[in-house]
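**Student:** Handing you this structure, nothing more for now.
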Amino acid sequence: MGSDCGLSCALPFLDKTEGRLARAVIDKIELAKRLVSYDTTSRNSNLALIEFVRDYLDGYGIKSELVFDEAGGKANLYATVGPQDKSGILLSGHTDVVPIDDQDWHTDPFQLTEKEDRLYGRGSSDMKGFIATVLSLVPVLVQRDLRTPIHLAFSYDEEVGCLGVRRLIDLLAGRPNRPRLCIIGEPTMMQTGVSHKGKHTWRCQVHGHEAHSSLVHQGVNAIEAAAELIARLKEMARRKRDHGPFDPDFQPPYSTIHTGVIQGGTALNIVPRECTFDFEIRPLPGEDIEPMIAELRELAETRLLPEMRAVRPDTGITIEERSAAPALSTPEDAEVTQLVAALSGANVTVKVPFGTEGGLFSAAGIPSIICGPGSIDQAHKPDEFVALEQIARCEAFLQRLIDRVSQR
Ligand SMILES: [Zn+2]
């Protein structure tokens, strides 16, 4: 337990003289309000939120480790409650949120608003409601004599390709006391999510050659080359849709390929020199994306580039991976699946439609399950909310977890 001063410093909105009593009133809703008030859109720093959490934990005598990004403007927070030398159970959440740009909100997205048994605000379901619920149980955790530690990991830049957590995972990978298993509190309506597709993002840049559009034979049209590559991606996507492989538990039940952004050209009467497009592949667990990329490269190398270079040798095509978040497929009989199923009381597992950091944790030898309050249907949208009933279910779930890891 930390000193009252530590706590008051951590939570300046509390009266310092309230002391111990004050702890009881910092409930999960207050914590969620505080977390939502930080605009941690992925393009921003998350440090104010991380420092708040660090100070809050410090108030209970829990030391945090911050793992910063290269520029020092963002950080993951990692902390262990209970025996420091043992491998325990990791509760993991990301602190960043998606932008509110061009979204029509009826409440202030960064001011958590309670209305009709729901909490509205950006990140309420994805996933500050979960983090707040976890933090609200820290006073309970520190009073228990834990035989298995509870680790906390709060990451940055999840929404932009699970980028931030990689540094933390790298750090943990070499430690003998790294977490034994991981529960990721992404919104599943507290169902046991065992599996999701992977998500790989790629950028293709076509470098052609400019010419007057009346003299097309002297130019190399970057947009047209890009269009052929995109058309091939679409063809591959159709093949996946029509011929599989299929997994009926996913929606849609096949791997998907899609082009989402394209830029190129300057004026209609100029043969365009540059064209860039971004595409993503979301493979089913177990499906290798390499053959898809190889097919695209083959089209570039055997058909497009010879034609382009016959006009101008200095033209080119680059196809580069931007991010790779592996699929998740945790077996039904894994310890973590059994644990989460027992805690949630649900005897069926689900496959979730969205990607998470779970694929990375699992790939690093920390088997993971997705289980958290709220629904993905309410995330990323205007008027994002989490139902109070979901927060209560999450709290009960975590209480059962604490009972299980406590010494009796
Ligand atoms: Zn999320």
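**Student:** Which FRET efficiency, nearest 0.05, do residue 214 and residue 274 yield, Cβ-Cβ r, R0 22 Å?
**Tutor:** Given R0 = 22 Å and the Cβ-Cβ separation, E is 0.60.
**Student:** With the other protein chains left in place, how much accessible area per residue, in square angstrom, belongs to region 232-309 at a 1.4 angstrom probe? Numbers along the way, then the final one.
**Tutor:** Working: 4500 Å² over 78 residues.
Roughly 58 Å² per residue, with all protein chains present.
**Student:** While we're here: Determine the sum of side-chain charges near residue 167: Lys and Arg each +1, Asp and Glu each -1, restricted to other residues whose C-beta is under 11 angstrom from that of residue 167.
**Tutor:** It works out to a net charge of -2.
**Student:** Would you work out the relative contact order for the chain, in percent, from Cα pairs under 8 angstrom that are 6 or more residues apart? Present the calculation step by step, with values, prior to reporting the outcome.
**Tutor:** Working: 898 pairs, mean separation 91.7, N = 408.
Relative CO of the chain lands at 22 percent.
**Student:** Shifting gears a bit: In terms of Cα to Cα distance under 29 Å, which lysines are near enough to residue 74, apart from those fewer than 8 places away along the same chain?
**Tutor:** Excluding near neighbours in sequence, the set is 28, 33, 63, 86, 128, 197, 199, 381.
**Student:** Please list the three semi-axes, largest first and in whole Å, of the ellipsoid equivalent to region 276-408, using sqrt of 5 times the eigenvalues of its alpha carbon gyration tensor.
**Tutor:** Numbers: eigenvalues 402, 67, 25 Å².
Each semi-axis is the square root of five times an eigenvalue, giving 45, 18, 11 Å.
**Student:** What is the distance, in nm, between label points placed 7 Å from the Cα along the Cα-to-Cβ direction at residue 332 and at residue 302?
**Tutor:** Between residue 332 and residue 302, the label points sit 4.2 nm apart.
**Student:** Would you mind giving the three semi-axes, in whole Å and largest first, of the ellipsoid equivalent to the chain according to its Cα gyration tensor?
**Tutor:** Over the Cα atoms of the chain, the ellipsoid semi-axes are 45, 23, 19 Å.
**Student:** Rounded to the nearest 0.05, what FRET efficiency do residue 311 and residue 346 have when you use their Cβ-Cβ distance and R0 = 41 Å?
**Tutor:** For R0 = 41 Å, the calculated efficiency reads 0.10.
**Student:** When Lys and Arg each count +1 and Asp and Glu each count -1, what net charge do the other residues less than 12 Å away from residue 207, Cβ to Cβ, add up to?
**Tutor:** Cβ neighbours under 12 Å give a net charge of 0.
**Student:** Could you tally the net charge around residue 103, taking each other residue with its Cβ under 13 Å from the Cβ of residue 103, Lys/Arg +1 and Asp/Glu -1?
**Tutor:** With Lys, Arg at +1 and Asp, Glu at -1, the net is -4.
**Student:** A further question follows. For residue 86 and residue 288 in the same chain, what is the full-extension length gain: residue separation times 0.36 nm, less their Cα-Cα distance, in nm? Display every interim value, and only then the final one.
**Tutor:** Numbers: separation 202, 0.36 × 202 = 72.72 nm, distance 3.52 nm.
Between residue 86 and residue 288, full extension yields an extra 69.2 nm.
**Student:** How much of the DSSP bridge set in region 81-159 is antiparallel, in percent, rounded to the nearest 5?
**Tutor:** Here the antiparallel bridges make up roughly 40 percent for region 81-159.
**Student:** Considering Cα pairs under 8 angstrom that are at least six residues apart, work out the relative contact order of region 258-306 and quote it in whole percent.
**Tutor:** 29
**Student:** Counting DSSP beta bridges with both partners in the chain, what percentage is antiparallel, nearest 5?
**Tutor:** Numbers: 48 of 65 bridges.
DSSP beta bridges in the chain are roughly 75 percent antiparallel.
**Student:** By how many nm would the segment from residue 396 to residue 227 grow when fully extended, if each residue of separation counts as 0.36 nm and the alpha-carbon distance is taken off?
**Tutor:** Gain on extension, residue 396 to residue 227, equals 55.6 nm.
**Student:** Could you list the GluC sites (Glu not before Pro) in region 312-355 that lie in coil according to DSSP, counting only those with at most 12 other Cβ atoms within 10 Å of their Cβ?
**Tutor:** Listed in order of number, the matching sites are 332.
**Student:** Could you order peptides 111-119, 384-392, 354-362 by the average number of other Cβ atoms within 10 Å of their residues, highest first?
**Tutor:** 354-362, 384-392, 111-119
The values are calculated or read from the model by the stated rules, or taken from the named source; none is laboratory data. Note that the coordinates shown come from a computational prediction; the quantities given were computed from them, not determined experimentally. A quick note on method: Cβ atoms are made from the backbone with ideal geometry, for glycine too, and the neighbour counts reach across all protein chains shown. Each accessible area value is taken on the protein alone, full model and side chains, heavy atoms only, with ligands, DNA and RNA left out. Shrake-Rupley method; radii C 1.70, N 1.55, O 1.52, S 1.80 Å.
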